[in-house]
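Heads up, the thing below is written out as structure tokens.
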Amino acid sequence: MSPNFYTTAFNIYLWVMIGIAAVVFVALYFVKAGYGMFVSNKWGKSINNKVAWFLMEFPIFIAMIVIWLLSPHRFDLVPMIFLLIFEMHYFQRSLVFPWLMKGKSSQMSLVVMFMGITFNLLNAIMQGYWIFFESYNCDYHAFGLSYQDTAWLWSPQFVIGFIIFIFGFYVNLRSDYIIRHLRKSDNDTKHYLPEGFMFEYVTSANYLGELIEWLGFAILTWSISGLVFFIWTFANLVPRADAIYKRYQQDFAAEMGRKNLKRVFPFVY
């Protein structure tokens, strides 16, 4: 089949993903996904939270490597750097983050886990296919540069995007550290109101960090696929942040009443 066929099919795929993200965004304001503080029996069978996080996040780490290995452009420097940046997040998310979590009895719904696996694999196709295949099929250029040009690595979009990504990665890691150390031991399953760092401004600073990360990735790759991933991250995490904010208002009414916290975007929402 001609490159035009694959380009058209990939563009349709991106639009379908955007449409589904819009549906998910609305739905999650009415349905609380069954993990973390919102895990419940109505979501069906659950498994250990650490194992579930690993099983949910590790497939995209492997899938991106497989797509990279299948590409004839796998040794081009710029796409390889994109891969390393992307995999840095998912290495931490699948092989580090789950095993540092406290709470031996914490659970995640299998339904939620499998939905996460499905999205992650679809996202691997979206990011990996664009970076290693489609950008070459359609002879993509931005600001006079393509992914074949090593000059991309000191272009404004890469430098700015990379700085934003690293800042978001730091905010995410630091916020996860704060949340993790709220619990006193592995036997402690209670939820606490996080304090310090970006939690002085929002109740879901970890989500803020992840949103910043993938905005940076979209900029540094200057790609529609990266933008669609950011849209999906927004659609998934912003309603979740709203649900957490409302739960904190119920559980920590006095503390929340004293603070002018927002949900996920400081001073805004």
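Odds and ends about this structure:
- Residue in segment 143-172 that is nearest to the chain's Cα centre (by Cα), counting only those that are of a type in the set (S, T, N, Q), assigned to a helix (DSSP H, G or I) and surrounded by 13 or more Cβ atoms within 10 Å (Cβ to Cβ): ASN172
- Restricting segment 23-75 to residues that are closer than 20 Å to LYS104 by Cα and basic (Lys, Arg), the residue that is farthest from the chain's Cα centre (by Cα) is LYS45.
- Pair list, Cβ under 8 Å, 6 or more apart: segment 251-269 residue within 21 Å of PRO239 (Cβ to Cβ), other residue assigned to a strand (DSSP E or B): LEU261/VAL202; LYS262/VAL202; ARG263/VAL202; VAL264/VAL202; PHE265/VAL202; PRO266/VAL202; VAL268/LYS262; TYR269/LYS262
- Residue ID - surrounded by the fewest Cβ atoms within 10 Å (Cβ to Cβ), chosen from residues in segment 129-142 that are in contact with a Phe, Trp or Tyr (Cβ under 7 Å, 6 or more places away or on another chain) and under 13 Å from TYR13 (Cβ atoms): TYR129
- Within segment 196-269, helices (runs of 4 or more DSSP H) holding 1 or more residues that are at pLDDT 95 or above and buried (at least 18 other Cβ atoms within 10 Å of the Cβ): 205-221, 224-251
- Segment 97-125 - residue that is small (Gly, Ala, Ser) and under 14 Å from the mean Cα position of the chain (by Cα) and, of those, farthest from ILE85 (Cα to Cα): GLY116
The values are calculated or read from the model by the stated rules, or taken from the named source; none is laboratory data. Note that the structure is a prediction, hence the values are computed from the model and not measured. Quick reminder, even Gly has a Cβ in these numbers, built from the backbone with ideal geometry, and neighbours come from all protein chains shown.
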